[in-house]
Every structure is written in C-alpha cells, then in structure tokens.
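Asks: Starting off with a structure, shown below.
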Amino acid sequence: MNLNFTACSMLFAAMFTFISNPIVAQDVEKKSCTAVQVNPHSPVIDGVLDDEVWQKNNWCGGFKQHELHNGAEPSQQTEFMITYDNDYLYAAFRMHDTEPEKIVSRVTRRDDIEGDFVALGIDSYFDKRTAFIFTVTVSGTKMDMVMTENGDREDPNWDPIWWAKTSRNRNGWTAEMKIPLNQLRFSAADEQTWGIQVGRYLHRNQETDFWQHVPKDAPGFVHLFGELHGLKGLTPKRQIEVAPYVVTKTESFKPEEGNPFMTGRRNGLNAGVDAKIGLTNNFTLDLTVNPDFGQVEADPAMINLTEFETYFEEKRPFFIEGGNLLSFPLMFGDGDLASNNLFYSRRIGRAPQRYPDLDDNEYARVPSNTTILGAAKLTGRSSNGLSVGLLESVTGNAYANIDSVGYRYHQMVEPLTNYTVATAKQEYNSGNTIVSGMVTSTNRSLTGILKDEYHRNAFSGGVDLVHMWANKKYMLAAKLFGSHVNGSKEAILGTQTSSARYFQRPDIKHVKLDSSRTSLSGTGGLLQFGKSGEGHLRYMAAVAWRSPQLEINDIGFVQNVDDIFQVVWVGVRYWEPTKLYRWFNVNINQWTGWNFGGESTYKGGNINLNLQLPNYWFIGGGVNWNGENLSASELRGGPAIKLPGGINYWLSLNSDGRKNLIFGVSNSAYLGNYNSSKSSNYSFSITYKPLKSLLVRISPSYSKSKSELAYVTNVNTLNDTRYVRGTLDRNTWVMSLRVEYSINPDLSVQYYGRPYFTSGKYSDFKYITNPRAHKYSDRYSQFTSSQIAYDSNNEEYLVDENTDGTNDYSFSNRDFNYLNLQSNLIVRWEYRPGSTVYFVWTHGKENYESVYSNSIGDDVDNLWDSHPHNIFLVKFSYRFN
C-alpha cells in the first residue's frame, strides 16, 4: 500500500507539471485587468495580432515565476489583452522571447499537449472556486478543462467549442483565442467582475509563469486569481448542441465448424445522437441515444487469479465528462483506495453477467455489452454555490441467440435495468465549508431464473462534510454512507456468500448467514483530519469503516467490506531548487485494520521519496513493511487464515523529459516472511520524438512471482471441505508500443499495440489444516508422492489421502499459458469544431492452453500463428451548434 495523499492538485490545466502542493498563507496583492468591448469589427483569429483592437494600450503584464523560483522575475516577458462582443470573448497573448530559436513546438492531438504553451483561466462565476481553462501550444494544439473545488479537482474531458491560432516571429510567438460566451457560465448583472489567470510554460527549462502570483504554499488556487473588469451588457447564453452519428463496421474472425454464429465475417450499421442543451446558462443537459464507443481503446488483457473483480477505468466520453461531480469516493488517496466509489459508471452497459445453459450441439452468440438505450445527465452550478448532478440511464434486455441444430431461440442474459445517480454539493463560508451528498438506485425488471441471480432493487447514498480553517491550513472531513438491496432469497443468499463477504465461513462470529433474507443493508464512514497548507510539513490522520453488510456493486464499486481502517500520513515538501535537487518530497505512512469482530486483520507502513535532480532527471522509490494479516477471503468461503507479512521495495528513474529521447526504468520486489511468497518486476520505457509531430514509445516489462499458498480448489468431501492450495510459479511478459503522429492539431493517427504473455505452473500441492496456527508450517499439510498422482489422459490430479488405493477426490490441472495481442489504429479528424470522423482498425489475437511455458520465443510464434480477429470501423458525427 502506498498512500500518497495530496491536498491540492495545482496543475492549472494539468499541463504546468506542478508538484501537488497545497498553498498559501501569504498575503498577495490582487491584480486587475480591464477588458475592451469590440466596436465595430471583431478580430480575425489568425494569431498575427494585427487587428485594430489589439493596437490599444490595454495590455496586461508583470508576470511572476511559479516554477522554478517562486515569486522571482520570469526569464521571458509575457503580455495579454482581453476584449469581447455580444457573443464571444477574445484573448490575445504576446510571448516575448530573447532566444526564439529555443521555443519548443510539438504538434499533438487535442488535450495532449507538449512544448511551450499559454493558458487562460476564467472564473466567470466569480465564486473563487470554479474556473474554465483554455490552453494553446505554440503549434496550435488546444487543451481545455474545468477546474472545481478551488483547484482540487480538474475535468480534462470537458470539450467546448472554441478557436485558437498562433504565430511565430523574431520576438517570440503570439496567440489569439475566440471563446463563445455560451460555453461559459456567468450572471445576468449589467456590469460584471470575473476572476482571471494567465499562465505561460517554457518547455526548455520547465518554467511556469503566472500573471497573478501564486505562492507555493498557498491553500488553493482559483481564489487567488486576479480580476477582470470592464465587462458590461453581457447576456448569459444557452448552449444548444446536437451531434448525430453513424457507424459502419465489418468484422473478420476465425470460423468455427458447425457454429452458425462463427462464420468468419460479420457486418454492422448503427446510428445515434448526442446532445448538449443548456436549460439555463448555469445548467446543462447531456443526452445520448443508442451511444456507440467503438473509437474507445479496449481494456488491457490480463489473467485475474484472485477472488475479486478487476477494476477498469472509464474511457467512454459521455460518462467521463463531468465525472468529478458524479463521484462519491468511500476513501481517500490514490491506488486501490481510489476505486471504492458509490458510482462506478462501467456498470452501465457492462457485459451480460449470465451465460446461457446449453445442451449438446447447441451454440450461442452472447452480446459483448448490454445496449444503452439512452442516457441523460444534468449538471450545473447555481450562483449561490450549489452544484447539482443527475444521471439517468436505461439498458435494454440482453438476449443470447441460441442455435439448436437449426432451431433458433433466445435466452435472456441481462435484464432491463434503470440506473439513477443524483448528487448535490453546497459551499458555505467562502468555500471553507462544503456539504455534499449522493443517492443512487438500480432497478431491474426480473423474470424467470434471473430473479434468483440479480437484486431487484439496489439503493445507496452518502453525505460528506468538509471544513477548512486558518486560511485553509487545516481540514476536517466526515463522511457517512449506506446501502440497501432487495430481491429473492436466492439472490440475497448469493450476496451474503459473495467474495466481498463470505458469510458462510465456519469461523465467523460477528455476522450470521441467513438464507431466508430478502434484503440486506449496510453502512460505512470516514473521519479525517489534516494539515494541507502553509509551510513544508503536511500530515493527515483518518479512520474509515465499511460494515459487513454493505453492498454497492450494482452501480458502485467495492471489492471487500467488513473493514475498519486507520492511517497516519506525514509528508514533507521542498520546492525551491538547490544544488542537489529542483524539488524533493518525502512521505511516511502507517496503517492498521480490523474486522467488525475486533480481530486485527492487517498492519503496515512505508516510507517513500521522489525528487527531480538539477539535470531534470526524476528519481523515486520506497519501502513497504506489511505485518501478518488475517484474510477472510483467501480460502474462498472457508475459515480465515493467517498469511505471512513481508517487505517490498520499488525504485524508478526517468531521464530529462524535455529531450527528444527519454527513457525510464523501474524495479520492484516483494519477499514474504518464511519464503511464503516472492515476486519481482522489471520495466523499461523509451520515448523517441524524431519529428515535432511524431512520438514513438516502447514499454517492455517482465515480472515473475512464486506463492506457496495459491488457490487451486475447494473440495467438499463426506466429512469436511478440503482447501487445496499449491505453489504457483508465474512469469509474465508485456510490451506496449504506442505511435502518435499528428499531421496537424485536428488530424492525428494513433497506434497502440500490446502483446501479453503469462504462464503459470502449480506444484507442491497441499491442503489447509490449521489456518490460524501460530507457526506458518503448521497451517497446512503437503501431499506426499503416495497421496497424489497425475492422470495425464484426463488432465487431473487424483488424491488418495489415506493411501488405501481409493481415490478420495480429484481436481483439474490448473497450469496455464495465456497469449494475447491487442492492437488499435485510430485516425481522428476534427473537420470542424466538435465534429469528427474516426477510422478505426482493431486487430486482436488470443491463445490459451492448460500447459506451462517458459519459452517466450515459442509463445511469440504461437501467438503469431493464431487466427486474428479484425474490426474495421468508420464513425462520422456532425455537431450542430
């Protein structure tokens, strides 16, 4: 566990590469700039700045460094000017440079910027909490985002319609922006004051300059913006955009003899519409009917040998835009903790959870995802600091199409489901006190066998209170949440016996398995205190809990419950460059856990550090200590078992990111006590930028692991249950290749390829005898050669515990060799703002065998010889605004 708590993400559009340093306590004089109303001619957006309006003497300057030397004079001068008319806001920038030949210009796709750039931040609400960020690089690539919670959160998936052009000259470079007022949110006052910030980034020395100075130890960001005056007669605009789309695709794959659904080719045509409608200037309704996400990169392939569900990040544009508001994390920090949430949008449109029951000579075609019939999302923020989010989505019945010797019929594999998420957040006391809450509901139309496998209704909700004081130096947070699910006895029994709970464990005393229940309710919470501003020292202490009955996985995500978690974190930040480093961070963590029966379940701690050297190289590393833990899930329904602790470390080194050739190396390893387990990972990456518009990145990695108590099977015998375990040796090779070529900021080609090879061998089989024994070796008994034999004809192990010549039970060979190739080629053309054409080629190969392989060469050959699955797709959308 590596808790890297950061109180404020000072990224100002995620491009300034700040170090997460919560801020201030120093008094900073507020600067102001006056906007000029355009009359009569609006400027032509070409980046040249030869229009009449830019010749006026309303330019604003006086920038200060934020990076490297906070508060110092910048190495180069910057000026900007703001003007407007009834429909648009215009901004012009002059980036002076005494060494214009050193300006770094790289052509990339939208929202993935590199090189020198300038960014404009606008707090049009003037609530000192929210900002709209518009960024353009010297090459003309745009990036945009919404910053909320005074800079603590950013939403880079916001994609407004706006224009930007740049131009280079002997004195540096210039830029112009044209931003429609219907993309901003502001009041109807006749004369207005907005917050404003302008930042410039010089890539060659990683220098960031701000017009309004921001001290490094400030406790926020947006509230420190300067002020924009002179805005008169502006009328709030309603945003209305409609984007119909059409998709055509063809698939080719390996035909399967006798299977009428696997003929080797499949074609498809689909259409839908997305819309964004401003109900008012402050509230926006997003709609999607029959959405298609064929252009979204596929999830990485992996073999999951645990009892828990794998968490995958959301990549679908409709669900990630505005995702900060539609989120209620149960925990804090990053890593595994960050995934626990009342709302996990990947539940909507997921793969069907049931596979049809087939007789001999029957074949089935099961849809890869349930169909999202429609979804609506309302988001916005009122003038008094109330933020509201509402998401409603319906997925249709999913059917498996089954062929039985020419006779076709359907079998339902996922029911019609309605998902609802509602959230609200109110800020008080100048944003120092924040109260927020979320409620969710999942309602299914269940018939037949499905009523015994799904919850009919599932509800969850939570409230969150955050209070900051002493100029945001200190923070206290409290959070409470709960859940309620109902359904048939069989469905609720499945919930009680799932991997998150295992109420059937024979040694559990603080909860009871009840097969007559038709509902289940649970709770959880969090208390947190910390110092996050002023000075170099930061700290945090927290306790969190999730009751055994908590169940949010119908629309949320949590892997396990029955947990009380305590943590203390102390961090030190040094940001002023010295002869030894440019910046330096150290973190120390300690944690302990219990179940609701009061038993200690885990404990540990770590220390980690990260720094940037004066030559712009990065070094990071840390050491974890994990104590003995008591696992309620390891025996998958059996009694809790003590598992040895261990020590692991990690190290990383990355070269100067400003260069055209960049490399990184990392290594991590874990060693369990009593040699119970060990693992190591080695990874390497090379990034090469031979042209200003081309990037090539290769990232190979190799990992190996050995575990003495890997899961094999649980076998029910006449008198007992045998929890069979074995020693698992596993090797995994992965290599990703990414190529990005941007012909111009609106037309780009991306390729991503990822071969994945993993193989495992089980040996030294054993069964658990005394899972809580003080001595590790007393917790199991290993089969002798006379007790176990392998039947190669049936690929199974035969067990004769009493050595009387009678087989007591058997279990299958679990050795595996899984080979996978994922490959995506995407051509994206934004032929007009908001309107795009995608050309996508997805190429995949897969091979699985119940054998162990230690030859990567043979694996490459076998994967190469596997039959490919190709998908060719064209998606065309047109955005009416």
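Asks: Considering only residues of segment 748-769 that are in contact with a helix residue (DSSP H, G or I) (Cβ under 8 Å, 6 or more places away or on another chain) and under 30 Å from Q787 (Cα atoms), which is surrounded by the fewest Cβ atoms within 10 Å (Cβ to Cβ)?
Replies: Within segment 748-769, the match that is surrounded by the fewest Cβ atoms within 10 Å (Cβ to Cβ) is T769.
Asks: Let me ask something else. Looking only at residues in segment 538-558 that are more than 20 Å from S600 (Cβ to Cβ) and of a type in the set (S, T, N, Q), which one is surrounded by the most Cβ atoms within 10 Å (Cβ to Cβ)?
Replies: Q549
Asks: Only one residue in K451, K512 is outside any strand (DSSP E or B), without any contact (Cβ under 8 Å) to a residue 12 or more places away in the chain and open to solvent by 40 Å² or more (accessible area, probe 1.4 Å), so which one is that?
Replies: K512
Asks: Shifting gears a bit: Kindly establish whether W569 is surrounded by 17 or more Cβ atoms within 10 Å (Cβ to Cβ), in a strand (DSSP E or B) and of a type in the set (A, V, I, L, M, F, W, C). Full working, then the answer.
Replies: On the way: surrounded by 17 or more Cβ atoms within 10 Å (Cβ to Cβ): yes; in a strand (DSSP E or B): yes; of a type in the set (A, V, I, L, M, F, W, C): yes.
It is true that W569 is surrounded by 17 or more Cβ atoms within 10 Å (Cβ to Cβ), in a strand (DSSP E or B) and of a type in the set (A, V, I, L, M, F, W, C).
Asks: Please tell me if S382 is in contact with a strand residue (DSSP E or B) (Cβ under 9 Å, 6 or more places away or on another chain), surrounded by 19 or more Cβ atoms within 10 Å (Cβ to Cβ) and of a type in the set (S, T, N, Q).
Replies: no
Asks: Hey, another quick one. When you go through (1) surrounded by fewer than 15 Cβ atoms within 10 Å (Cβ to Cβ); (2) closer than 22 Å to L378 by Cβ one by one for G264, which number turns out not to apply?
Replies: Looking at each condition in turn, G264 falls short on (2).
Asks: For a quick check of your reading of the model, give me the residue pairs whose first member lies in segment 777-799 and is farther than 24 Å from S676 by Cα, whose second is part of a strand (DSSP E or B) and open to solvent by 70 Å² or more (accessible area, probe 1.4 Å), with beta-carbon atoms closer than 6 Å and at least 6 apart or on different chains.
Replies: E796/S812
Asks: State whether the residues of segment 710-722 include one that is under 30 Å from R658 (Cβ atoms), part of a strand (DSSP E or B) and not aliphatic (A, V, I, L, M).
Replies: No; the residues of segment 710-722 include none that is under 30 Å from R658 (Cβ atoms), part of a strand (DSSP E or B) and not aliphatic (A, V, I, L, M).
Asks: Select from segment 785-800 the residues that are among the acidic types (D, E) and over 13 Å from N813 (Cα atoms) and list them in ascending order.
Replies: Of everything in segment 785-800, just one residue is among the acidic types (D, E) and over 13 Å from N813 (Cα atoms), namely D800.
Asks: If I ask for residues that are more than 26 Å from the chain's Cα centre (by Cα) and at positive phi, which ones from segment 517-564 would you list?
Replies: If the condition is that a residue be more than 26 Å from the chain's Cα centre (by Cα) and at positive phi, then E534, G535 are the ones that fit.
Asks: What residue, of T420, T497, is more than 30 Å from G220 (Cβ to Cβ) and within 28 Å of the chain's Cα centre (by Cα)? Even if it seems obvious, please write down each step before you answer.
Replies: Numbers: T497 fails: within 28 Å of the chain's Cα centre (by Cα).
That would be T420, the only listed residue that is more than 30 Å from G220 (Cβ to Cβ) and within 28 Å of the chain's Cα centre (by Cα).
Asks: Taking the criterion of being under 16 Å from V136 (Cα atoms) and either touching a helix residue (DSSP H, G or I) at 6+ places or on another chain (Cβ under 6 Å) or not small (G, A, S) (or both), would at least one residue in segment 248-257 satisfy it? Steps first, answer last, please.
Replies: Restricting attention to segment 248-257, the residues satisfying the condition of being under 16 Å from V136 (Cα atoms) are none.
Scanning segment 248-257, I find no residue that is under 16 Å from V136 (Cα atoms) and either touching a helix residue (DSSP H, G or I) at 6+ places or on another chain (Cβ under 6 Å) or not small (G, A, S) (or both), so the answer is no.
Asks: If you don't mind, another one. Among the listed residues I402, I434, which satisfies the condition of being in a strand (DSSP E or B), of a type in the set (A, V, I, L, M, F, W, C) and either surrounded by fewer than 17 Cβ atoms within 10 Å (Cβ to Cβ) or in contact (Cβ under 8 Å) with a residue 60 or more places away in the chain (or both)?
Replies: I434
Asks: C33 passes all but one of (1) over 19 Å from A131 (Cα atoms); (2) modelled with pLDDT of 95 or more; (3) not polar (S, T, N, Q); which number fails?
Replies: Condition (1) is where C33 drops out.
Asks: Note down all Cβ pairs under 6 Å where the first residue falls in segment 469-492 and is in contact (Cβ under 8 Å) with a residue 24 or more places away in the chain and crowded, with 21+ Cβ neighbours inside 10 Å, the second is charged (D, E, K, R) and assigned to a strand (DSSP E or B), and they're at least six residues apart or on different chains.
Replies: K479/D464
Asks: Which of the residues that make up segment 162-185 are open to solvent by less than 10 Å² (accessible area, probe 1.4 Å) and either in a loop (DSSP other than H, G, I, E, B) or under 15 Å from H96 (Cβ atoms) (or both)?
Replies: Result: W162, G172, W173, A175, L184.
Asks: Report, by residue number, each residue of segment 69-84 that is out of contact with any Lys or Arg (no Cβ under 9 Å at 6 or more places or on another chain) and at pLDDT below 95.
Replies: Hit for segment 69-84 is H69, nothing else.
Asks: Residues that are of a type outside the set (G, A, S), assigned to a loop (DSSP other than H, G, I, E, B) and either touching a Pro at 6+ places or on another chain (Cβ under 9 Å) or buried (at least 18 other Cβ atoms within 10 Å of the Cβ) (or both): does segment 357-364 have at least one?
Replies: Initially, segment 357-364 is screened for residues of a type outside the set (G, A, S), giving 357-363.
Right, trim to assigned to a loop (DSSP other than H, G, I, E, B) and you get 357-361.
Pick out the ones that are also either touching a Pro at 6+ places or on another chain (Cβ under 9 Å) or buried (at least 18 other Cβ atoms within 10 Å of the Cβ) (or both) and you get none.
Scanning segment 357-364 turns up no residue that is of a type outside the set (G, A, S), assigned to a loop (DSSP other than H, G, I, E, B) and either touching a Pro at 6+ places or on another chain (Cβ under 9 Å) or buried (at least 18 other Cβ atoms within 10 Å of the Cβ) (or both).
Asks: Go through the residues of segment 530-537 one by one and say whether even a single one is outside any strand (DSSP E or B), in contact with a Cys (Cβ under 9 Å, 6 or more places away or on another chain), open to solvent by less than 10 Å² (accessible area, probe 1.4 Å) and farther than 28 Å from S631 by Cα.
Replies: yes
Asks: I'm checking my understanding of the structure. Among residues of segment 786-801 that are assigned to a loop (DSSP other than H, G, I, E, B) and over 45 Å from the mean Cα position of the chain (by Cα), which one is surrounded by the fewest Cβ atoms within 10 Å (Cβ to Cβ)?
Replies: N793
Asks: Residues to consider are L326, L373; find the one that is at pLDDT 90 or above, in a loop (DSSP other than H, G, I, E, B) and in contact with a Gly (Cβ under 7 Å, 6 or more places away or on another chain).
Replies: Within the list L326, L373, the selection yields L326.
Asks: Hey, can you tell me all the residues within segment 328-349 that are over 12 Å from the mean Cα position of the chain (by Cα) and free of Cβ contacts under 8 Å to residues at least 24 places away in the same chain?
Replies: P329, the sole residue that qualifies.
Asks: In segment 224-289, which strands (runs of 3 or more DSSP E) lie fully inside it and hold 1 or more residues that are touching a Phe, Trp or Tyr at 6+ places or on another chain (Cβ under 9 Å) and closer than 23 Å to T371 by Cβ?
Replies: Result: 240-252, 265-278, 283-289.
Asks: Inside segment 188-219, can you point out the residues that are open to solvent by less than 20 Å² (accessible area, probe 1.4 Å), farther than 15 Å from C60 by Cβ and either part of a loop (DSSP other than H, G, I, E, B) or hydroxyl-bearing (S, T, Y) (or both)?
Replies: Y201, T208, V214, P215, K216, D217, A218, P219
Asks: A further question on this structure: Failed condition for G598, given (1) surrounded by fewer than 16 Cβ atoms within 10 Å (Cβ to Cβ); (2) at negative phi, with all others met?
Replies: Status for G598: all satisfied but (2).
The values are calculated or read from the model by the stated rules, or taken from the named source; none is laboratory data. Keep in mind that what you see is a predicted model, and the values were worked out from it rather than measured. For neighbour counting, all protein chains shown are included, and Cβ atoms are generated from backbone atoms with ideal geometry for every residue, glycine included. Surface areas here come from the heavy atoms of the whole protein model, side chains and all, with no ligands, DNA or RNA. Shrake-Rupley method; radii C 1.70, N 1.55, O 1.52, S 1.80 Å.
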